[in-house]
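Take a look at the structure set out below.
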Amino acid sequence: IIESTPPGARFAVGVAEDADVGSNSLQSYELETNAYFAVEVKDRQDGSKFAELVLCHSLDRESEPSLRLVLTAQDGGDPPRTGTAQLWINVTDANDNPPVFAQERYRVSLREDTAPGSTVLNVSASDADAGTNAHISYGFGETPAKVLQKFLVDVESGTITLKEALDFEDTTGYTLLVEASDGGGLVAHCEVEVEVLDVNDNVPEITILSLSSPVPEDAPVGTVVALLKVNDADSGENGQVSCELSGEAPLSIVASPGGSYKVLVLAKALDREEAAFHELVLRAMDGGDPARTGTARIRVTVLDVNDNAPVFKQAEYTVRVPEDVPVGSVLVTVTATDADEGLNGEVKYS
């Protein structure tokens, strides 16, 4: 009998035979006490009596897959005589149980450098039915195409694997809707939350927003020379960046309150005559382990200022001249130089 049979259904169980006649013949049937069935006695036209099994309460194969009941037939003699038969009732399965996941929500964390093909996790569902009604197949429910590009679920095992590489900077997490379907068409769902963990896979980037070059050599200490933006796409310590300068440049770094902007300022006075330009390397290092470093090269030219007076090659020249030297004769050549450049370094005599 299938377990979905409604109460009130009747089943013939045959006729008991009694060779006696009259009151000594078969008079009644009696069924062993149970929670599901009762017996009713029916009369045939020839006067014989037969039994019908009546279903009183719904069956449930999952709780009681079979029943063994004793049916007793009794005659009307004195003393009465009885005969028995065993009823073996097999309850066949109906697809009355949907699949049930072991968890309604699964959570898993994956590093963003997890290799494609790696197992994410295994979801598991069970079904209390039997046969094809209990055979479960897995798949994704209503899921965005972006998610389907990243993950794959095995139809038979429920194993979820990674199809494409993850990128924390693109997406920090995914929600997958997984469904389990049994052979009778009943479906259950669960959610899988995938957290993407950041890996220090991005090098700090240095962007030069503005650069003042050349810089007058008489610029005061503290003059802003350059404005830089330093950025690291990673998060947490992987995205925390510290900067340092290398080289002989008379510059120093001043961080803005937000931390992402850096200002290069003059740390000491310039002297073009000592150095006409300065080349330096700015290094940005993040807090990852191992750390990643980004660099930027900056060249600052020093603009000349007329801060040097001409200097004679000699402070004093002594010339002995005969008194009959002709007018227009060259007596001596004096030489002066100026450390400045351009017009500031051109020397005139008087």
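Every condition in (1) surrounded by 17 or more Cβ atoms within 10 Å (Cβ to Cβ); (2) out of contact with any helix residue (DSSP H, G or I) (no Cβ under 7 Å at 6 or more places or on another chain); (3) closer than 16 Å to V108 by Cα; (4) of a type outside the set (V, I, T) is met by A134 except one, and the failing one is (3). Residues in region 287-314 that are within 30 Å of the chain's Cα centre (by Cα) and aliphatic (A, V, I, L, M): A291 alone. One residue alone among S23, S66, S28, S4 is more than 30 Å from L176 (Cβ to Cβ) and modelled with pLDDT under 85, and that residue is S23.
So which of V199, V192, V203, V215 is in contact (Cβ under 8 Å) with a residue 60 or more places away in the chain, in contact with a Lys or Arg (Cβ under 6 Å, 6 or more places away or on another chain) and open to solvent by less than 30 Å² (accessible area, probe 1.4 Å)? Step by step, each of V199, V192, V203, V215 is checked, and only V199 is in contact (Cβ under 8 Å) with a residue 60 or more places away in the chain, in contact with a Lys or Arg (Cβ under 6 Å, 6 or more places away or on another chain) and open to solvent by less than 30 Å² (accessible area, probe 1.4 Å). Note on region 26-37: residues that are over 17 Å from A85 (Cβ atoms) and surrounded by 10 or more Cβ atoms within 10 Å (Cβ to Cβ) amount to 1.
State yes or no: is E279 more than 21 Å from V203 (Cβ to Cβ), in contact with a Lys or Arg (Cβ under 7 Å, 6 or more places away or on another chain) and open to solvent by 30 Å² or more (accessible area, probe 1.4 Å)? Here the answer is yes, as E279 does meet what is asked.
When you go through A165, A134 one by one, which is the residue that is in the same structural domain as G183 (by the TED database) and more than 14 Å from the chain's Cα centre (by Cα)?
On the way: A165 fails: more than 14 Å from the chain's Cα centre (by Cα).
Answer to the selection: A134.
May I ask you to verify whether K150 is open to solvent by 60 Å² or more (accessible area, probe 1.4 Å) and either outside the structural domain of S118 (by the TED database) or of a type in the set (K, R) (or both)? Can you show your working first?
Details: open to solvent by 60 Å² or more (accessible area, probe 1.4 Å): no; either outside the structural domain of S118 (by the TED database) or of a type in the set (K, R) (or both): yes.
No.
Looking at region 1-17, which of the residues that are touching a residue at least 60 places away in the same chain (Cβ under 8 Å) and open to solvent by less than 60 Å² (accessible area, probe 1.4 Å) is nearest to Q86 (Cα to Cα)?
At the first step, the residues of region 1-17 found to be touching a residue at least 60 places away in the same chain (Cβ under 8 Å) are 1-4, 13-14, 16.
If we keep only those that are open to solvent by less than 60 Å² (accessible area, probe 1.4 Å) as well, we get 1, 3, 13-14, 16.
Working: I1: 16, E3: 20, V13: 10, G14: 12, A16: 12 Å.
Top of the filtered list is V13.
Once region 30-65 is narrowed to residues that are under 27 Å from A128 (Cα atoms) and either among the aromatic types (F, W, Y) or not in a loop (DSSP other than H, G, I, E, B) (or both), the residue that is farthest from the chain's Cα centre (by Cα) is V54.
Residues that are within 22 Å of Y29 (Cα to Cα) and open to solvent by less than 80 Å² (accessible area, probe 1.4 Å): does region 56-63 have at least one? Spell out how you get there, then give the answer.
First, pick out the residues of region 56-63 that are within 22 Å of Y29 (Cα to Cα): 56-57.
This time we only want the ones that are open to solvent by less than 80 Å² (accessible area, probe 1.4 Å), so: 56.
Yes, the conditions are met somewhere in region 56-63.
May I ask you to list the residues in region 167-185 that are modelled with pLDDT of 90 or more, more than 19 Å from Y106 (Cα to Cα) and touching a helix residue (DSSP H, G or I) at 6+ places or on another chain (Cβ under 8 Å)? Hits for region 167-185 are D182, G183. Per the conditions (1) at pLDDT 95 or above; (2) under 15 Å from the mean Cα position of the chain (by Cα), the sole criterion not satisfied by P144 is (1).
Restricting attention to strands (runs of 3 or more DSSP E) lying wholly within region 69-123, give those where 3 or more residues are over 20 Å from V54 (Cα atoms) and out of contact with any helix residue (DSSP H, G or I) (no Cβ under 9 Å at 6 or more places or on another chain). Break it down stepwise before answering.
Working: elements: 82-90, 105-111, 119-122.
Ranges flagged: 105-111, 119-122.
The values are calculated or read from the model by the stated rules, or taken from the named source; none is laboratory data. What you see is a predicted model; the values in this text were computed from it and never measured. Ideal geometry is used to build each Cβ from the backbone, glycine not excepted, and the neighbour counts take in all protein chains shown. The accessibility values were calculated without ligands, DNA or RNA, using every heavy atom of the protein model including side chains. Shrake-Rupley method; radii C 1.70, N 1.55, O 1.52, S 1.80 Å.
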